[in-house]
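Q: Dumping the structure here so I can ask a few things about it.
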Amino acid sequence: MPFRKILDWIRNLFAKRKEIRLGIYGAVNVGKSTLANRIAKDWTGEEVSTVSEIPHETRFVQKKEKIEMKWNGKKLVINLLDMPGIATKVDYRDFMIYGLSRKEAKQRAKEATDGIIEAIKWLDNVDTVLAVMDATQDPLTQVNITLLGNLEARNIPVIIVANKIDLPTADPDAIKDAFPQYPVVPVSALTGKNIDKLYEAIFKHAKRRKKR
């Protein structure tokens, strides 16, 4: 086989194997880890993160690599990255409400702060982001606006996930109205409601980022 044909064959082989680094970002306790676990378990049978009512349970980047997704005859391989929750401030006293000692609370606050810094640094290493928002809360928060601004500045494709639609006070339309320039998918990561629509959106919008 001529050398040029060999090169073309290799290019075609890798072109068919579409692989995306998919980062899950958002504020604290919006359901990022629940969503990461839902995606990972649906496609691999295994969870990726620990879920807790205590803020900043995820303080380090959690990874689940080589997840093969298939949808309508298409295949997508994702490296799933569950990021620590983004916050504008971390106060150790907030953790003491959940029964942590002062020493434990201060250690968690330090790890949470380090986790936020790590999550921001990882923006340089993700291709597409699932920006998770709590559909029961006002979406126009400093965290959401700052996060989306950073993603836009880095030319990173975004899918907004309006989570917690299983709750009676959920209003995913408020998120759609606040950020009409982005695809918004209402889901319940806890119950799995509409999760198929999220997978459809991932296949439609997720792609390797175009670095400037």
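Q: What per residue convex hull volume, in Å³, comes out for region 19-205 when only alpha-carbon positions are used?
A: Residue-normalised Cα hull volume stands at 113 Å³.
Q: Starting from the amide H of ILE165, placed 1.01 Å from N in the peptide plane, find each other amide H under 5 Å away whose residue is 5 or more places distant or on another chain.
A: Excluding prolines and chain starts, which carry no amide H, the hits are VAL187, SER188, ALA189.
Q: Kirkwood hydrodynamic radius, region 153-212, all distinct C-alpha pairs: what's the number in Å? Don't jump to the answer; show the numbers that get you there.
A: On the way: mean 1/r = 0.0801 Å⁻¹.
It works out to 12.5 Å.
Q: Thinking of region 106-212 as a set of Cα atoms, what percent of all their pairs are more than 22 Å apart?
A: For region 106-212, the share of Cα pairs beyond 22 Å comes to 37 percent.
Q: OK, next. Can you tell me which of 122-128, 178-184, 76-82 comes out highest on packing, and rank the rest after it, using the mean Cβ neighbours within 10 Å?
A: Working: 122-128: 17.0, 178-184: 15.3, 76-82: 21.1.
Ranked from most to least packed, the peptides come out as 76-82, 122-128, 178-184.
No lab work stands behind these numbers, since they all come straight from the coordinates. Here the structure is a predicted model, which means the values were calculated and not measured. Note that we place each Cβ from the backbone using ideal geometry, even for glycine, and neighbour counts take in every protein chain shown.
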